[in-house]
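Here the structure is laid out as structure tokens; the discussion comes afterwards.
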Amino acid sequence: MKRKNLSVTKKVNKKQINKKKFNKFYKKFKNIIFNNIERENFAIGVSGGPDSLSLAYFSKAYTDEFKNKMEVLIINHKIRKESSKEALKVKKILKRKKIESKILNCKSRIPKSNIQHNARNVRYSLLADYCLKKNIKYLVIAHHMDDQIENFFIRLFRGSGLTGLSSMSESFEYSKKLKIIRPLLGFKKKDLIDVSLHYFNDYISDPSNEDEKYLRVRVRKYRKIMEKEGLDTTKIIKTVGNLYSANKALNYYKNKALYKHVAFLSESKCLINKKIFDEEAGEIIFKSISDILSLVSKKYYAPRSKKIINLINNMKKNNFNKATLGGCIIEKTEGFISVSKEQKMKKTSLRL
């Protein structure tokens, strides 16, 4: 594949841009960031797409106004031959606007099976590790309204429950020391493209966004058909909002269940009282186990719901002894089930 197919540079006449529109966008962004971060230092993840470049633009305006310190982080997955060059190009695009950035390189090979899911986990891990090392408490990412809708349909296709269908929230505690903020969930992608072109006059286009082997790409095409039938963005977002409200209520009871039935011995190990299976509703058990797996493994995303349900069904059985899932080891103990982080085996070489 030629280089020109992997990234694009687009031009736009800046005089055609409505400044009032951009001021409205920034005010909306500023209110969300200030409510979550105020004047604290923060980091942002930038891929080079129009959404993340818009995030960089708004974030720079915010730091200029409130004098925060901002770390701009670019992830180089090294999935494709062009990945390193594209990361450098993103760095140059930002540099032209006096935005300093740092490239974080993936040191291990990402498995090709379910590559988008694995790449996402690696991305969050690299970003989170950097923030923790630098004592940065807030990570800001560029998920937008179209991501929200696509996630809803992807999870609907996979038969997700309420937790999955309610999708993304404006803020999320990745760990006790790091909070993730999504200030662009109220922004449409087409508006973020306008922002990116207005300010940077350029952005990176990911070729996987056109590859129909990925469900996300197919969902985008299904959306166009559904919009013709009257299922527009406003209705979908309203549905997601209603599901989010219901999920928030369930989270209240999930947190009570965790407090009652789960004891954390350390950040990487906890004990679950088996009474949870008799005393709590199925959805509360599911959400509790899902949270535990994420917290113990320190992964942003929990395993697929089907795998968690299978694990719960096995944990209920009298003959359950041990299982592994999502980077965790789940073992039966007397009256309890322990969940601990799976330790990676270090490679060693034998010298003769």
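Throughout, read-outs are computed from the coordinates displayed, never taken from laboratory work. Since this is a predicted model, take the numbers as computed values, not measurements. With ideal geometry, Cβ positions are generated from the backbone for all residues, glycine too; neighbour counts draw on all protein chains shown.
Brief remarks follow.
- Where the Cα pairs of the stretch 24-147 fall when distances are cut into 10 Å bins, in %: 12, 44, 34, 10, 0
- Helix 19-36 axis, angle to the chain major axis (alpha carbon atoms, nearest 10°): 30
- Residues Ile44, Ile284, ranked from the fewest to the most other C-beta atoms within 10 Å, line up as Ile284, Ile44.
- Sites Ala61 and Ala263 - FRET efficiency at Förster radius 56 Å, r taken between beta-carbons, to 0.05: 0.80
- Checked against a 26 Å cut-off, the cross-linked pairs Lys179/Lys275; Lys24/Lys133; Lys91/Lys137; Lys299/Lys344; Lys269/Lys299; Lys92/Lys134 give Cα-Cα distances beyond that limit for Lys179/Lys275; Lys24/Lys133.
- Distance in nm between pseudo-label sites at Lys21 and Arg158 (7 Å out along the Cβ direction from Cα): 3.4
- For GluC sites (Glu not before Pro), the sites in the stretch 258-311 that DSSP calls loop and that have at most 14 other Cβ atoms within 10 Å are Glu267.
- Share of alpha-carbon pairs per 10 Å distance bin for the chain, given as whole %: 5, 21, 31, 26, 12, 4, 1, 0
- Relative contact order, percent, the chain [alpha-carbon distance under 8 Å, six or more residues apart]: 17
- Structural size metrics of the stretch 183-295, computed from C-alpha coordinates, are Rg and Dmax of 20.8, 59 Å.
- 0 to 90° range, to nearest 10: angle between helix 305-316 axis and the chain longest Cα axis: 10
- Relative frequency of Cα-Cα separations exceeding 16 Å in the stretch 227-352, percent: 67
- Of all beta bridges that DSSP places with both ends in the chain, some 65 percent have antiparallel geometry.
- In the chain, helices alone account for a calculated mean residue ellipticity at 222 nm of -15500 deg cm²/dmol, with every DSSP H run of four or more residues adding -39,500 (n - 2.57).
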